[in-house]
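Report on one structure; see the data block that follows.
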Amino acid sequence: MTGAGSTSYAYLGPEGTFTEAALLQVPGADAARRVPASTVGSALDAVRSGAVDAAMVPIENSVEGGVSATLDAIAVGEPLRIVREELVNITFVLAARAGTALADVRRIATHGHAWAQCRAWADTHVRAAEYVPSSSTAAAAKDLCNGDGSFDAAICSPLLAAGLGLVVLAEDIGDVSDAVTRFILVGGPDALSPRTGADKTTLEIPLPVDHPGALMQILDQFAARGVNLSRIESRPTGQFLGDYFFSVDADGHVEDSRVADALKGLHRISPSLRFLGSYARADRRSPAVERHTSDAAFGAADAWLDAILGSTGIGRSDGTGAT
């Protein structure tokens with residue numbers, strides 16, 4: 001573990017990735033120890049082992065959607081908690097070694113999400129070029145700089161290309177000019193960020209029994225309490241074909257009565273529900289909360305029921321038969 005008074009972070013490396021750029025948006029991260037990890041799983045395992053205090057990993061892209069490596073890695077193993085999110089505007093260039101022309105490019109290395117975001121440009125401008133998978137955009141650029149001859153060019157950030165001394169063959173090659181990637185800072189299982197009023201809660205919800213209306217049962221827990229879902233995706237558990245869990249982002253904090261009540265309802269349906277954290281939204285946008293789903297409305301309802309039960313001398317049961 002890190003020494004007293006110091007903080008350390010893992011991130012999906014190597015140096016120069018968009019993930020490191022996201023980490024550097026965290027106050028104090030520029031002065032902290034930063035440890036690049038080769039995979040999302042190894043970055044999260046560094047938190048679980050206590051080797052670092054937290055890890056920054058990508059979770060969602062505005063073009064490609066959820067990052068499956070993160071959604072899957074955080075859903076298994078020792079529980080972890082998301083404590084923060086950051087947004088990074090993504091801009092790509094096609095970079096090569098000096099002396100390479102665009103017409104010479106036959107093989108291009110980059111991360112799968114980056115290739116997906118530049119595919120239309122590549123189909124138009126380097127139609128004959130073959131895609132070579134890399135663990136990250138930074139790894140592709142660094143391998144190219146270090147003389148890897150298995151590809152001719154790399155798709156990476158303009159800042160990294162300039163830092164490595166690569167020649168930029170084409171700028172702003174993303175198919176969507178305002179693409180954004182969302183990153184999450186993941187800490188230990190006891191971490192919980194304070195409620196700000198503009199929060200997000202992330203959950204992994206297994207489907208215990210697949211039956212007609214199973215997904216509707218889950219969605220009803222949110223809808224009945226006025227909790228909006230900003231993201232919902234299904235991911236295979238890997239146990240057997242057709243076995244899935246749902247990865248969900250809900251507007252609000254677990255300390256909000258409407259969110260807490262929804263989580264209790266979900267737990268009754270899916271006892272293996274995994275709470276991954278409540279944390280401030282990067283865009284600081286507060287959700288619209290209807291009067292009947294406000295904390296005050298839930299508090300009034302509790303008081304009303306307590307008064308009824310109190311008048312009979314019964315009191316409210318704690319679920320064990322005691323009152």
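The values are calculated or read from the model by the stated rules, or taken from the named source; none is laboratory data. Fair warning: this is a prediction, and the values are worked out from it, not measured in the lab. For neighbour counting, all protein chains shown are included, and Cβ atoms are generated from backbone atoms with ideal geometry for every residue, glycine included. In case anyone asks, the SASA skips ligands and DNA or RNA and just uses the protein heavy atoms, side chains included. Shrake-Rupley method; radii C 1.70, N 1.55, O 1.52, S 1.80 Å.
Numbers at a glance
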item: Top-ranked residue of the range 140-156 - restricted to ones that are in contact with a strand residue (DSSP E or B) (Cβ under 7 Å, 6 or more places away or on another chain) and assigned to a loop (DSSP other than H, G, I, E, B), ranked as nearest to Leu102 (Cα to Cα); result: Asp152
item: Selection within the range 272-307 - of a type in the set (A, V, I, L, M, F, W, C) and farther than 20 Å from Asp251 by Cα; result: Ala300, Ala301, Ala303, Trp304, Leu305, Ala307
item: Pairs where the first residue, in the range 300-323, is farther than 19 Å from Lys264 by Cα and at pLDDT below 85 and the second is surrounded by 11 or more Cβ atoms within 10 Å (Cβ to Cβ) and of a type in the set (D, E, K, R), C-beta under 9 Å, 6+ apart; result: Gly315/Asp306; Thr323/Arg316
item: Elements of type strands (runs of 3 or more DSSP E) contained in the range 157-233, each with 3 or more residues being surrounded by 16 or more Cβ atoms within 10 Å (Cβ to Cβ) and among the charged types (D, E, K, R); result: 199-206
item: Verdict on Pro27 being in a loop (DSSP other than H, G, I, E, B) and of a type outside the set (A, V, I, L, M, F, W, C); result: yes
item: All positions within the range 51-64 that are over 10 Å from the mean Cα position of the chain (by Cα) and modelled with pLDDT under 90; result: Ser62, Val63, Glu64
item: Selection count, the range 243-296, where residues are open to solvent by 40 Å² or more (accessible area, probe 1.4 Å) and in a helix (DSSP H, G or I); result: 9
item: Filter result for Glu15 (among the charged types (D, E, K, R) and either at pLDDT 90 or above or crowded, with 24+ Cβ neighbours inside 10 Å (or both)); result: no
item: Helices (runs of 4 or more DSSP H) contained entirely in the range 32-129, each with at least 2 residues that are closer than 30 Å to Val254 by Cβ, open to solvent by 10 Å² or more (accessible area, probe 1.4 Å) and aliphatic (A, V, I, L, M); result: 40-49, 68-73
